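Just below is one structure, and these are the notes that go with it.
The values are calculated or read from the model by the stated rules, or taken from the named source; none is laboratory data. Being a predicted model, the structure only gives us computed values, none of them experimental. Positions of Cβ are backbone-derived with ideal geometry, glycine not excepted, and every protein chain shown enters the neighbour counts.
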Amino acid sequence: MAKSFKMESVEVEMVETPNRRICTRIPAPESLPVIEKLRKFEPVSMSGQPLVVWDKAEGFNVYDKYGNKWIDFSSGVLVTNAGHSNPAVKRAALSMIEHGLMHNYCFPTEIRSELAEKLVEISPEPLNKVFLLTTGSEACECAIKLARTYGLTKGGRKKIKIVTFMEDFHGRTMGSQMAGGSPSAKEWIVNLDPDMNQVPFPNSYYYDWADESRADYSDDRCFETWMGYLDSQGIKPEQIAAFMPETFQGGWAQFMPVGFVKRLRKFCDDNDILLIFDEVQAGFGRSGKLYSFQHYDVKADLVCLGKGVSSSLPLSGVIGRQDVLDLYGPNKMTSTHTGNPVCCAAALANIKYIFDNKLIEKSEELGYVLEKRLDEIIARYPEYIGNCKGKGLVKALVITKKNSREIDPDLAHDIVRISIEKGLLFFAPVGAGSTIKVCPPLVITKEALLEGLDVLEEAIGSAIG
Ligand code: PMP
């Protein structure tokens, strides 16, 4: 088992820059009772993150109550694209609360109409209707339900397969976890649906770097080999209702080859199969496009939205083809908190802010700065960094044992812990526990981004030392 973050405050060097401040032992001694209370009253599953008790977060900074201030490279798990507590988003949410509407169920509201119109307006064809929900898992569940219903209407009970990808993540509710590509995470389900199948992710991290014994699906010319895999699993085109990849795999920020996705799109068109992109973490400018699937230059039939859609309050959704979104009649596809008015106001203001401030372009440009500096860091520590992927302001560093292909979750943990002691915040390593994700809010300045990367470089040096 990988190391956990310890409830012991240690003496660390004081830090004071315009972007960071560390002025207590870390974790801050006065914060420990809060963490102890959480440990007592919350499930253990909630105790995996670094021991920083968030008091306030603004822009690209997170603050505790005790005077410490971090540069945030987590965006609170790729949510706060427009920055933490973005003033425009905050004003919009507050004014909806002050106006006096905090809940609407499925009754019509003006704010929901405005957000639905805006989402369709900014999204490429044929994404013409949107159903708003609350969490990313819920959006994925809903996309699965719509796709299967679509398959049933097109091919009867034999066209119901939902094909997702090994190592994908789509959430932790039953359907979304079943769609995920981690067998150990779904042992609890026991009776897995035989018509939810996982196939290799082309350009998989495993092939690409970690396990050369895996078949090479890294190239669009390998589409036929990949189809051969489907065939070997007994998955026939006429049985498939939908493919649903994560646009890039979150565990390693890994994209598919463009040519491959184009061929997949054609295959879907030829066989009346829906192509769904799970953009819960990939959307709203994160990778230098509004939606990350736009890197593939293909159309989507359905897209799962979440996280960066509001940069703050819980809102998610499925946006897609009108004929698919309209498969259920009145009151047959609803949710109590659908399009909560405060969340809608926040999302609308967030989208306006992202476009007005050209955050998508900024993500692309700063992405090059990030890539160049990470290349230097990798060149300095090539023995310990096995892989680095991503686009725009999402990058993933896979940490390994020295000169080995074996991942090193303990070293990754130490790098994150030491970074935090120096005023740079990451969430706990992901993937198989050894991937450090660099994903700051898109409003980060170039200077703060580079300062954070200097800290990361120092932290790697200390962790190895
Ligand atoms: N899909 C993807 C690609 C995700 O990254 C996540 C969350 N990490 C989810 C779905 C699930 O979202 P939520 O945690 O909001 O249910």
Going through region 402-424 one residue at a time, which ones are modelled with pLDDT under 95 and of a type outside the set (S, T, N, Q)?
R405, E406, I407
From the list N81, N86, N19, which one is in contact with a Gly (Cβ under 7 Å, 6 or more places away or on another chain) and in contact (Cβ under 8 Å) with a residue 60 or more places away in the chain?
N81
Return the total of residues in region 104-144 being within 20 Å of K332 (Cα to Cα), more than 21 Å from the chain's Cα centre (by Cα) and not polar (S, T, N, Q).
7
Could you grab me the full set of residues in region 444-461 that are closer than 24 Å to N350 by Cα and buried (at least 24 other Cβ atoms within 10 Å of the Cβ)?
I444
If the requirement is being acidic (D, E), over 21 Å from V53 (Cβ atoms) and out of contact with any helix residue (DSSP H, G or I) (no Cβ under 7 Å at 6 or more places or on another chain), which of these qualifies: E406, E457, E421?
E406
Identify, please: which residue in region 111-137 is in a helix (DSSP H, G or I), charged (D, E, K, R) and touching a Leu at 6+ places or on another chain (Cβ under 9 Å) and is, among those, farthest from the ligand (Cβ to nearest atom)?
E114
Does region 267-275 contain any residue that is under 18 Å from L127 (Cα atoms), free of Cβ contacts under 8 Å to residues at least 12 places away in the same chain and in the same structural domain as A179 (by TED's automatic domain parsing)?
yes
Which one of V15, V52 is in contact with an Asp or Glu (Cβ under 7 Å, 6 or more places away or on another chain) and not acidic (D, E)?
V52
Residue hits (region 451-465; closer than 16 Å to L397 by Cα and either outside the structural domain of N61 (by TED's automatic domain parsing) or touching a residue at least 12 places away in the same chain (Cβ under 8 Å) (or both)) are G452, L453, V455, L456, E457, E458, A459, I460, G461, A463, I464
Report yes if some residue within region 146-165 is away from the ligand (no atom under 16 Å from the Cβ), surrounded by fewer than 16 Cβ atoms within 10 Å (Cβ to Cβ), free of Cβ contacts under 8 Å to residues at least 40 places away in the same chain and outside any helix (DSSP H, G or I); otherwise report no.
no
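What about Y381, is it under 14 Å from A459 (Cβ atoms) and among the hydroxyl-bearing types (S, T, Y)? First the steps, then the outcome.
Numbers: under 14 Å from A459 (Cβ atoms): yes; among the hydroxyl-bearing types (S, T, Y): yes.
Judged against the criteria, Y381 is a match.
I'd like the residue in region 226-242 that is away from the ligand (no atom under 16 Å from the Cβ) and touching a strand residue (DSSP E or B) at 6+ places or on another chain (Cβ under 7 Å) and, out of all such residues, is nearest to L325 (Cα to Cα). Lay out the reasoning, then the answer.
Pass one, region 226-242, residues away from the ligand (no atom under 16 Å from the Cβ): 226-241.
From what's left, touching a strand residue (DSSP E or B) at 6+ places or on another chain (Cβ under 7 Å): 229-230, 233, 235, 239-241.
Values: Y229: 31, L230: 28, Q233: 30, I235: 26, Q239: 21, I240: 18, A241: 15 Å.
Here the residue is A241.
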